Amino acid sequence: MNAALAACAAPAAALFGAFWLLPMAELALLPASKGWDTYFVVLTQPRYLASLLQTTALSAAVTLVSLALAAAVGLHLGRHRFTGRRLLLALLTLPLSFPGVIVGFLVILVGGRQGSFADLTDALGAGRITFAYGLTGLFLAYVYFSLPRAIASFTAVVERLEPDLEEAARTLGASGARIARDVWWPALQPTALAAGAILFATAMGAFGTAFTLASRFEVLPITIYNEFTNYANFALAASLSLALGLLTWAVLLLAQRLGGGVAGAAA
Amino acid sequence: MAAAPPGSRPGAGVLAWATGAIAIFTLAPLALSVTAGLMANYAQGLRAGLTTRWLGEVWALYGSTVALSLALALGCVAIALLVGVPCGYALARSRSRAARAFEELLTLPVAVPGLATALALILAYGQWRAFRQSPWFILAGHVVFTLPFMVRTVGAAFRREDLVALDEAARTLGAGFVRRFVGVLVPAVAPSIVAGCLMVFTLSIGEFNLTWMLHTPLTRTLPVGLADSYASMRLEIGSAYTLIFLLVIAPVLWAMQAAAHWMENRDALTRPGH
């Protein structure tokens, strides 16, 4: 029996070992070739530290805003049955399957130099205002690709929520704010934690969106890409990738431990 | 808010407005992109008329990227079926510490940003030029990224108690391992396998973070072509190309929804006590 199980797992283990574990081990050892200090450049060099802190702040803000908005959508779609509801949910979660580059392009289409927003502000006499290439554009794009995942998670949880509790609270005269705090929050909190960790990790590692927007606001994946491609600074790029990977992995692990389940791994 | 019907829940109006606003936030740019891809001239708007000219140009310029992406996605699905499904079974049945450790390790390519995985692959295999320049190199990256999803989805299905009992019953009746696996277990988790396949397919076809680093001028995938067109072509071409991407994934997403629905109904029917 055990031999059969081992045979079942062996091909996957071989692929995983050859194309992830071994290459990753090589990546992890590479910075050592340029001295041990190379492992800590993300903390010791102000430029990289700034990039890390900026990316972390952006990802945290995007996660919080997306969770709050998606919870509202989830509460609405999870408790109401109306025609077209399934279609609406399908459309709202459609961007889950988009590569990040599409999201960047959509922001350019709306907020870029030829964008509809510029047309609108021009018609209003304010000149052609763009927001695609700065922090605003990046933030909106990140929220755009974060919302669908959170909406899917929240709607699924709310659908399984017992309406009795809320009815009882209301009959007893609880205010809307109290229902939100005492009924909704405990029910949604585990999902918020699990989904929040995934949103944060995804935002930290997102590359395609920032790449398309060619943003003035440099996120860490872009820094890594530049070091690797433009400056052929392999050891440095490897060190920064390790730092980014460790951070996202640690956040997912922490959420999983706090949540006491494997929910956090449902990326 | 005033439109909330009597007896509705407090706050329901706010939630409905928020849902509406987010639907517009999500769908308006998409609608804009689809129409821009069909417009004769984006700057002049609809007055200039509609055309399929840009779709034709995209097809001529980037048609090969669609074919390569489909081939890679199908390759990922095939490997997920042949390698991922048995692995999911092994991890579901094994109680060894090695199995738990492997399960934890398998989540890493998903948790770690694709850029890091791509750099690692280039460092390890970049000198093998024939491999580096072939689509197999991209396939390797896509497989380590998508395989965990199949393993996890079917693993969860194989862990269901009724299936453990079924497995046990088939074994007591003397069915050999291969017969049990192919004849009894795989059909029992078929909906999860289908869901896993569709997930693997969509993940592979939309993958950019890894692929941008792994591609060469001769191995461009759909998202790589998209990035290229956004950077160097007119807005109409980028939009038409985006429309083609939507047309490629739409049937798969529809199938995903149908599969999820099927699983729900099937589970509701087979679950005891319902």
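The residues packed around residue B:126, meaning those with a beta-carbon under 15 Å from its beta-carbon, carry a net charge of +1 if Lys and Arg are +1 and Asp and Glu are -1. Each of B:158, B:145, A:40 was scored by other Cβ atoms within 10 Å of its Cβ. Arranged with the fewest first, they read A:40, B:158, B:145. Using just its DSSP H runs of length 4 or more, each adding -39500 (n - 2.57), chain A gives a mean residue ellipticity at 222 nm of -23000 deg cm²/dmol after division by all residues.
The coefficient of translational diffusion for the range A:1-122, derived via Stokes-Einstein from the alpha carbon Kirkwood radius under 4 °C and 1.567 mPa s, stands at 63 µm²/s. Under the convention that each Lys and Arg Cβ holds +1 and each Asp and Glu Cβ holds -1, the size of the dipole of the range A:150-221 around its Cα centre is about 260 debye.
Can you give the convex hull volume of the alpha carbon atoms of chain A per residue, in Å³?
210
Relative to the Cα centre, the charge distribution of chain A, modelled as +1 at Lys and Arg Cβ and -1 at Asp and Glu Cβ, gives a dipole magnitude of about 280 debye. Here each label is just a point 7 Å from Cα along the line to Cβ, and for residue B:128 and residue A:90 those points are 4.2 nm apart. Computed over the protein assembly as shown, the convex hull of the alpha-carbon atoms projects to a mean area of 28.8 nm².
You can think of it this way: the chain between residue B:262 and residue B:67 has 67.2 nm of extra reach, that is 0.36 nm per residue less the Cα-Cα gap.
Note on the range B:44-147: Rg/Rh from C-alpha atoms, Kirkwood Rh, equals 1.17. For a quick check, take a GNM of chain B with Cα springs below 10 Å and name the residue from B:123, B:72, B:147 with the largest mean-square fluctuation. Ranking B:123, B:72, B:147 by mean-square fluctuation puts B:123 first. Put in line by how crowded their Cβ is, counting other Cβ atoms within 10 Å and starting with the fewest, A:185, A:36 read A:36, A:185. Our compactness index for the range B:110-260, the C-alpha radius of gyration over the empirical 2.2 N^0.38 Å, is 1.35. Of the residues B:87, B:197, the one with the fewest other Cβ atoms within 10 Å heads the list, and the complete ranking is B:197, B:87. Across the range A:98-105, rounded Karplus estimates of 3J(HN,Hα) from the backbone phi angles (6.51 cos²θ - 1.76 cosθ + 1.60, θ = phi - 60°) give 7, x, x, 4, 5, 4, x, 5 Hz, Gly and Pro being marked x. With θ taken as phi - 60° and the Karplus curve 6.51 cos²θ - 1.76 cosθ + 1.60 applied, the whole-hertz 3J(HN,Hα) list for the range B:91-101 is 5, 6, 8, 7, 10, 6, 5, 4, 5, 5, 4 Hz, x standing for glycine and proline. Remark on residue A:233: its backbone amide H falls under 5 Å from those of A:228, a criterion applied only to residues 5 or more positions apart or on other chains, H modelled at 1.01 Å from N. Among rounded, prolate and oblate, which fits chain B when a ≥ b ≥ c are the square roots of the eigenvalues of its C-alpha gyration tensor, a/c under 1.5 means rounded, and a/b larger than b/c means prolate? The shape class here is oblate.
Once the other residues with Cβ under 14 Å from the Cβ of residue B:258 are scored (Lys, Arg +1; Asp, Glu -1), what is the net sum?
On the way: positive: A:86, B:266; negative: B:264.
Charge balance near residue B:258 sits at +1.
Go ahead and set up a Gaussian network model of chain A, Cα springs under 10 Å, then flag whichever of A:154, A:98, A:139 fluctuates most. Maximum among the listed residues: A:98. Taking amide H atoms as placed 1.01 Å from N in the peptide plane, the amide H of residue B:39 lies under 5 Å from those of B:51, each 5 or more residues away in sequence or on another chain. In order along the range B:160-169, the Karplus-derived 3J(HN,Hα) couplings, from 6.51 cos²θ - 1.76 cosθ + 1.60 at θ = phi - 60°, round to 4, 4, 4, 6, 4, 5, 4, 4, 4, 4 Hz, and Gly and Pro are given as x.
Read-outs throughout are calculated quantities, based only on the coordinates presented, and are distinct from any laboratory measurement. Fair warning: this is a prediction, and the values are worked out from it, not measured in the lab. Here the Cβ is made from the backbone with ideal geometry for all residues, glycine too, and neighbour counts use every protein chain on show.
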